[in-house]
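Engineer: Dropping a structure here in structure tokens format, bear with me for questions.
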Amino acid sequence: MALKDAPVEIRRAATVAQISISLTRALGILFTTLIIATLPTWVPGILAYQTIPVALLVLAIGSVIVSRKGSRIREEIAERQFKKARSSTFTTAILGCILGGVLPGILYLYLYTRIGDIMVKRTSDDPKTVYLLPRPSEGIFLGRYLGWIAAYLLVLYIGYTQLSPGLREVSDWLSPVLGVHFNTMIVALFLVFTNPLTYPPLLYLWTFAGFLGGLIAGGKIRRGFLVGMTVFLSALGALGLAALAIYQNTNLSALSNVPPPPPGFSIISATTGPVAGDLIPILMQESSPTSQLVIQDIVLTMIRNAGLVFAVATISGRAASLFWQGDVFVLKTFWRVIKTKKPALPQNTIPKKGILLLTLAILLFIPNPHTTQSSTIIQAPPSGPYQQNLAIGLDMLGAPSASLRMTNLDLSSKGLVLDNNYAGNNLSIFIIDNNYAQPLGANSFLGIPSFILGLFSQPALITFYTGDPATTRGESDNVAAQFSQALGVQFTKAFAIPYGGSAITIYAPDPELTNNDALTRVLGLLPGSSFSTLASPVSLQNTQYFAAIGLATISLPPPLNTTPTRAFSFLLNTQYPREFYKAGQHNLSLKTLLGFQTGIVGDTNSNASIVSISFQRGTILYSPLGLTPPYNPLYDNLTATYIYNATITPRADFAANFTYPFAPNITVQKTVTPSSGPLGTSHDVVVMIQNLDNVTVTNLNVTDDQGPSAYQKTLQLSPGGIQTGQFASFPPGQTQSLRYTATTKSSGIYVLSPASADFVWQAPNGTKIQYSITTEKPLISSSSGPWTQFTRTFTDLQPYSYLLLLPLLLTPVIETLRLVGRHRKKKPEPWVNTPAEPQTTPPAAPPQAGPDKVTDTPSLAKP
């Protein structure tokens with residue numbers, strides 16, 4: 001008979017057994033998850049026989065053993081084998097107290113008493129009924145198949161569209177080099193090997209995906225577990241297939257010619273984001289990144305992250321099955337009420353089980369509140385004597401640039417003190433790079449290679465130490481704490497780079513810190529009456545600039561040609577667009593160029609406050625300032641530079657009227673139309689040269705290398721090869737162009753090569769001057785959706801990709817066969833006290849009755 005028809009004592013004992021089994025399994029999952037979460041420290045602890053790792057292992061294994069025994073005990077209760085069940089329960093209670101934790105032992109002891117009550121109340125005439133345990137529902141037809149497809153497509157879609165910013169930048173940079181499969185690999189790497197406990201968006205994604213798949217699968221809890229596991233393994237398989245495609249199609253020589261990252265790329269965002277944020281701290285702990293200990297920690301960390309993702313997906317799938325069972329139980333109960341036309345649900349049939357399951361499932365999705373803390377900027381009085389120079393320069397093509405340099409700053413009142421932490425320090429600077437495209441030096445700038453500085457599009461703190469890493473690591477952290485206090489920004493160590501026997505350490509500020517906010521904080525550290533008041537972050541936010549403050553050696557132009565002492569310095573380089581050309585008179589005003597509202601006043605606390613404007617040699621000036629004492633400003637004919645000492649004479653503005661003889665208005669532009677589009681879009685690339693002046697130039701040569709050679713497999717150019725154009729004469733108003741088509745074969749951002757042009761102009765005095773113009777590097781943004789990525793991977797990896805068809809084809813077939821088998825199977829008939837079958841052999845002849853006796857047994861009739 002069904003267990004629901006059993007006496008109340010048996011039903012209660014079976015319920016207690018079920019609760020004990022469920023709780024023990026939950027504890028086993030908890031202990032296993034704790035082992036996975038602490039895997040990098042758990043494995044060394046196991047090898048060293050530490051108490052906590054060994055205890056977690058014992059508890060995990062013990063919980064599995066106890067839960068398996070509990071399942072058998074429940075069956076024995078239903079089969080009315082109470083003596084055997086009571087003995088097994090007592091043994092299991094002891095195991096639960098020793099191996100599974102105290103709580104399972106207490107529950108099984110309580111179950112032991114419930115079975116004892118049944119045995120006490122049992123009588124000799126009790127029917128020998130065997131009760132059948134309820135069979136869990138199988139869910140909907142093809143539920144596991146549909147749940148896997150829905151959850152897997154959801155994970156892929158969210159992974160492609162909501163990829164973390166750092167990994168997105170890496171994918172956009174390297175996908176045009178390594179092919180379209182690199183984006184798939186990055187997405188799968190993000191989905192599988194990101195720690196969900198430190199990256200909440202991924203935790204929410206896998207939780208919802210596992211719950212969705214388990215809810216569609218329905219039925220037994222095991223079905224939800226299988227759906228979550230299948231989705232995780234599918235993502236892991238996509239990672240393997242994409243890596244295989246890259247290995248087969250990529251030449252190692254392409255990696256040596258990787259182009260620079262596109263504008264806006266931030267190495268801090270890439271190294272502090274998912275995956276890399278867990279691995280780089282391990283690499284920074286040891287001096288050798290290839291040591292066995294480092295490799296072990298990296299492997300264990302990757303396994304831990306993947307294990308946590310697996311746990312989240314499978315646990316949420318189990319929770320969805322519980323929710324499904326509770327929902328079905330409630331619906332069945334109400335359906336019976338409606339079918340039997342009862343006015344209300346009787347009190348003794350309240351679906352407590354369904355309500356409990358629904359409550360537990362709902363509680364899983366209640367988020368935990370979190371609080372945020374804001375930091376304040378520390379204000380302090382001005383610093384001591386220093387030197388400052390504001391230099392304005394014009395290049396041959398008439399593009400102005402500004403450079404503000406301040407040396408020998410005393411920032412101790414701000415919290416920056418040259419103490420013992422700077423003993424082995426070569427450089428400590430906080431930099432802000434706002435798409436500054438000009439070279440910072442021939443080989444290096446501020447002691448750091450220029451290619452490293454070019455990787456930063458977000459504010460960052462850089463320290464450069466020489467010495468023992470075990471010592472300099474702590475000193476570098478202390479210096480970072482000083483800058484954190486001075487700027488009011490919390491820094492996190494991003495990564496460290498060994499460089500020529502030294503170490504360059506990068507610290508990342510809060511991700512919410514913008515370049516404009518960072519520049520405002522930096523200018524707040526400088527003396528209040530310095531030239532820093534002439535620089536407005538609001539007016540500079542749309543220009544290209546580079547700012548740095550910290551311990552660095554910054555040279556100053558004449559007349560400040562002195563060697564700075566070991567102190568803090570400040571630098572701000574700004575590049576403005578081209579404004580001045582050959583024809584006509586021009587006026588260069590510092591107030592108009594920089595956008596300040598106050599006048600130019602030298603700080604009396606500084607040793608020198610110099611402003612200079614440098615022109616190309618031969619520039620004719622129409623405002624001969626400084627011709628009378630005190631000769632301020634002074635024009636140096638040798639260097640074509642105005643030099644103004646603001647300490648001697650304050651001015652509301654510093655301007656110069658001039659005519660520019662060396663810059664014909666010849667423009668060269670390289671444009672891409674459209675600049676973005678889906679994979680496979682044909683982009684028209686045009687190099688246009690225009691003569692907007694009233695003079696004729698000669699020997700015009702235009703060259704376009706199209707793009708880096710690393711793009712040759714993923715960017716189809718028609719016509720290909722170097723594009724050139726030669727024009728002997730280029731009169732006013734004429735326009736020439738070079739055109740070709742670029743078709744993308746991969747997602748990502750393609751950084752094309754700049755076009756260059758050189759020409760000759762003959763001045764009125766007969767002098768011939770040659771000019772060279774280089775365009776900016778245009779970008780092509782190519783995008784591809786999840787379906788395109790998946791189908792490309794499937795097509796390129798045949799026949800290996802056919803392995804993915806096995807679950808697609810076999811699952812519906814297996815489910816269909818199971819459904820047909822269940823319909824063909826006869827429903828078993830319940831039985832109660834079935835008597836023994838009649839004997840087939842003829843019964844023995846009864847004894848002969850005496851004449852004086854009467855027998856009730858009839859005699860056998862003779863044939």
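The values are calculated or read from the model by the stated rules, or taken from the named source; none is laboratory data. This structure is a prediction, so every number in the text was calculated from the model and none was measured. Reconstructed Cβ throughout: ideal geometry from the backbone, glycine too, with neighbour counts over all protein chains shown. Remember, those area values only see protein heavy atoms, side chains included, never the ligands or the DNA or RNA. Shrake-Rupley method; radii C 1.70, N 1.55, O 1.52, S 1.80 Å.
Engineer: Can you tell me the Rg and Dmax of region 63-211, counting just the alpha carbons, in angstroms?
Structural biologist: So, for region 63-211, Rg and Dmax equal 25.9, 84 Å respectively.
Engineer: Could I ask something else about it? Run the numbers for Leu47 and Arg818: contour at 0.36 nm per residue of separation, minus the present Cα-Cα distance, in nm.
Structural biologist: 272.9 nm
Engineer: Now, a different point. Extending each Cα 7 Å along its Cβ direction at Val58 and Gln438, get the distance between those two points in nm, one decimal.
Structural biologist: 7.0 nm
Engineer: Kirkwood hydrodynamic radius of region 153-306 from all distinct Cα pairs, in Å?
Structural biologist: Computed over region 153-306, the radius equals 17.0 Å.
Engineer: What is the extension gain from Thr639 to Ala2, computed as 0.36 nm multiplied by their sequence separation minus the C-alpha to C-alpha distance, in nm to one decimal?
Structural biologist: 218.9 nm
Engineer: Express in Å², to the nearest 10, the accessible area of Val130 obtained by rolling a 1.4 Å probe over the protein heavy atoms while all chains stay in place.
Structural biologist: 50 Å²
Engineer: My understanding is that a pair violates if its Cα-Cα distance is over 18 Å; which of Lys713/Lys777; Lys745/Lys777; Lys84/Lys128; Lys4/Lys128 do that in this structure?
Structural biologist: Long pairs (Cα-Cα over 18 Å): Lys713/Lys777; Lys745/Lys777.
Engineer: If we count every other residue with Cβ under 14 angstrom of Ile689's Cβ, Lys/Arg +1 and Asp/Glu -1, where does the sum land?
Structural biologist: -1
Engineer: Excluding ligands and nucleic acids, what accessible area in Å² is computed for Arg12 using a 1.4 Å probe, to the nearest 10?
Structural biologist: Per-residue accessible area (Arg12): approximately 130 Å².
Engineer: Ok, one more. Excluding Gly467 itself, what net charge comes from residues whose Cβ is under 13 Å from its Cβ, given Lys and Arg +1 and Asp and Glu -1?
Structural biologist: -1
Engineer: Mind listing the phi-derived Karplus ³J(HN,Hα) values for region 297-307, rounded to whole Hz, using 6.51, -1.76 and 1.60 with θ = phi - 60°, and x for any glycine or proline?
Structural biologist: 5, 5, 4, 5, 5, 5, 5, 4, 4, 5, x
Engineer: Something else about it: With a sphere of radius 15 Å drawn around the Cβ of Thr598, what net charge do the other residues whose Cβ falls strictly inside it have (Lys, Arg +1; Asp, Glu -1)?
Structural biologist: Residues near Thr598 contribute 0 overall.
Engineer: Accessible area, 1.4 Å probe, largest first: how do Phe531, Phe727 sort? Intermediate values should be presented prior to the final figure.
Structural biologist: Values: Phe531 5, Phe727 45 Å².
Correct descending sequence by accessible area is Phe727, Phe531.
Engineer: Here is a follow-up. Mind pulling up the Rg/Rh value for region 456-561? Radius of gyration and Kirkwood radius, both on Cα.
Structural biologist: 1.00
Engineer: Same structure again: With a point put 7 Å past each Cα toward its Cβ, work out how far Gln490 is from Asn478 in nm, to one decimal.
Structural biologist: For the pair Gln490/Asn478, the computed spacing is 2.4 nm.
Engineer: Spin-label point model (7 Å from Cα, Cβ direction): what's the Asn699 to Lys768 distance in nm?
Structural biologist: 0.4 nm
Engineer: At a probe radius of 1.4 Å, what is the per-residue accessible area of Thr290, in Å² to the nearest 10?
Structural biologist: 110 Å²
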